[in-house]
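Everything below concerns the one structure shown next.
Computed from the coordinates by the stated procedures, all read-outs in this text should not be read as laboratory data. Note that the coordinates shown come from a computational prediction; the quantities given were computed from them, not determined experimentally. Here Cβ is always computed from backbone atoms with ideal geometry, including for glycine, and neighbour counts include all displayed protein chains.
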Amino acid sequence: MTLLSVRNLSTHYAGGRGTVRAVDDVSLTIEPGETVALVGESGCGKSSLGKSLMRLVEPTSGQVEFKGRDVTAMTSGELRSLRRSIQMIFQDPFASLNPRQTIRAILTAPLKVHGIGDTKRRQQIVESIILQVGLPADSLDRYPHEFSGGQRQRIGIARALILQPELVVCDEPVSALDLSIQAQILNLLVEMKNRLSLSYLFVSHDLSVVRYFSDRVLVMYLGKIVESAPTAELWADPKHPYTRALLAAVPDPSRRREAAPISGDLPSPHDPPSGCRFHTRCPLATDLCRSEAPDYRLFGTAHAVACHHTN
């Protein structure tokens, strides 16, 4: 059974300058044990999509199903139960931790909320998970400000995994960390995935981060998915001009630069361009691109692209 199925999901916000179309008619699936990366520039709607899947923000329309259950129709009580199965790791490991609570209190809270174990059993679980994420047991009685950024993110990972979820939404979990620490956190996520049989939706703006981490990549631009493919296939044969530009910006001596990095800023989601949303920055844009949105077409068995110029 497919773990997560998203169909025609849209999330729009009311803003001072009009409606913000953060997520617009997005469909995707995640299979058990799969890591799906969601990449794109900052402001393209990636985090809004991740939060919409969990109903941390309410979708405007569309459907989200988790193991066949309609998440968009769940009551507050049903959502609380769902939180045991879907957890999130946040981008900022300091802002996401309560500075007034010890690490022991932070990690014990989810167990209390979901009624897991008695006091003794909860302490056993907390002591086990802190060791699994590579921190010593004496970390539990310290406060978040006493740790480095990488250590705080390990605590955030422990909090997300302590309920033994099946799916974890990783919202830019390494972007605030130094490069050497990024590698350590990514290795930890891989280790925990294998140990706990997890699935990940890994949100990132950096294709070089997801290359060795994900099974499949979704490329998002201004609220829409413009390309989807297995990671190796996307890296070897990117078909959308936006994907090619993102890859060209990644330092990689093994690849011949085929496209210049894109110029200009991301258009406002208050007023997205007509037709293909990428046409204002695309070197291949024609009148067709400016007037008509491209269909999302399948090329081969698992490679889909929304572009008028892809053959």
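When Rg and the Kirkwood radius Rh are both evaluated on Cα atoms of segment 1-100, their ratio Rg/Rh stands at 0.97. The calculated P(r) of segment 168-308, using every Cα pair and 5 Å bins from 0, goes 2, 9, 17, 19, 20, 16, 10, 5, 2, 1, 0 in percent. Rounded to the nearest 0.05, the FRET efficiency derived from the C-beta distance between Asp118 and Ser180 at R0 = 51 Å is 0.80.
Put in order of Cβ neighbour count within 10 Å, fewest first, the listed residues Arg121, Arg211 become Arg121, Arg211.
Label-to-label distance, Ser274 versus Arg195, with points set 7 angstrom from Cα along the beta-carbon direction: 5.6 nm.
Lys and Arg at +1, Asp and Glu at -1: add these up for the other residues within a Cβ distance under 15 Å of Leu298 and post the number. Net charge in that neighbourhood comes out at -1. Taking every lysine pair in the chain that is 8 or more places apart or spans two chains, those with Cα atoms closer than 22 Å amount to 9. Bridge orientation summary for the chain: considering DSSP beta bridges with both residues in this region, about 60 percent are antiparallel.
Of the trypsin sites (Lys or Arg not before Pro) found in segment 1-51, those in coil by DSSP whose Cβ has at most 14 other Cβ atoms within 10 Å are Arg17. Ranked by the mean number of other Cβ atoms within 10 Å per residue, highest first, peptides 193-202, 298-307 order as 193-202, 298-307. Here is the P(r) of segment 30-152: all C-alpha pair distances, binned every 10 Å from 0, give 10, 33, 35, 21, 2 in whole percents. Subtracting the Cα-Cα distance of Ser27 and Glu127 from their residue separation scaled by 0.36 nm leaves 32.1 nm. What value, in deg cm²/dmol to 500, does the helix sum -39500 (n - 2.57) over DSSP H runs of n ≥ 4 give at 222 nm once divided by the residues of the chain? It comes out at -8500 deg cm²/dmol, rounded to the nearest 500.
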